[in-house]
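The values are calculated or read from the model by the stated rules, or taken from the named source; none is laboratory data. None of the values given here were measured: they were computed from a predicted structure. Glycine gets a Cβ as well: all are built from the backbone with ideal geometry, and neighbour counts include every protein chain shown. Please note that ligands, DNA and RNA were not included when accessible areas were found on the heavy atoms of the full protein model with its side chains. Shrake-Rupley method; radii C 1.70, N 1.55, O 1.52, S 1.80 Å.
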Amino acid sequence: MNTINITFQFQDGQPAQTHVAAEGESVLDVALNNDIQLQHNCGGVCGCSTCHIYVLQGDDELPEISDKEEDFIDRAVNPRINSRLACQCVVQAGGNDLVVLMPPQDFLGH
Ligand code: FES
């Protein structure tokens, strides 16, 4: 099975963590499986903006951003050019390692 490493950095200052991700897993899956807090109000179906993250490295190997994902990112807190929704960042076969930045999770997401 193809695996990559995902490094999670945190805007709230907690130390970075690196975890293995298998093909087909999303960044949200890997975060939750490793007890990393990440809101996911819609349950991971591209129906909210609460799993918003920033992809610092490796984005060229992620699935293309859809119009729906872009719409929800527009509603996220502080969207940037490298914003993605973690549930839509699914690890591909032969993908590169990822580095992601996690926004603070103490907001009331929608
Ligand atoms: S959890 Fe709702 S869009 Fe990712």
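Structural remarks
- Rounded accessible area per residue of the stretch 36-82, 1.4 Å, Å²: 58
- Each Cα pair under 8 Å and six or more residues apart adds its sequence gap; the mean of these over the residue count of the stretch 38-96 is a relative contact order of 44 percent.
- Considering only N96, P79, G24, and ranking their Cα positions along the charge dipole of the chain that arises from unit charges at the beta-carbon of Lys, Arg, Asp and Glu, the one farthest toward the positive end is P79.
- Put a dot 7 Å past the Cα of I65, heading toward its Cβ, do the same for N96, and the two dots end up 1.7 nm apart.
- Placing a label point 7 Å from the Cα of C42 along the Cα-to-Cβ direction, the residues of the stretch 79-106 whose backbone N falls under 13 Å from that point are 85-89.
- Peptide packing: for 16-26, 94-104, 45-55, the average count of neighbouring Cβ atoms within 10 Å per residue gives the ranking 45-55, 94-104, 16-26, highest mean first.
- Annotation for the stretch 29-110: trypsin sites (Lys or Arg not before Pro) lying in DSSP loop with at most 12 further Cβ atoms inside 10 Å of their Cβ are R80.
- Summing +1 for each Lys or Arg and -1 for each Asp or Glu among the other residues whose beta-carbon sits under 12 angstrom from that of E70 gives -2.
- MRE, 222 nm, helices only [DSSP H, n ≥ 4, -39500 (n - 2.57), over the chain, to nearest 500]: -3500 deg cm²/dmol
- Within the chain: Cβ-based charge dipole about Cα centre, in debye rounded to nearest 20 (Lys, Arg +1; Asp, Glu -1): 240
- For the chain, the fraction of 1.4 Å probe accessible surface lying on carbon and sulfur atoms is 45 percent.
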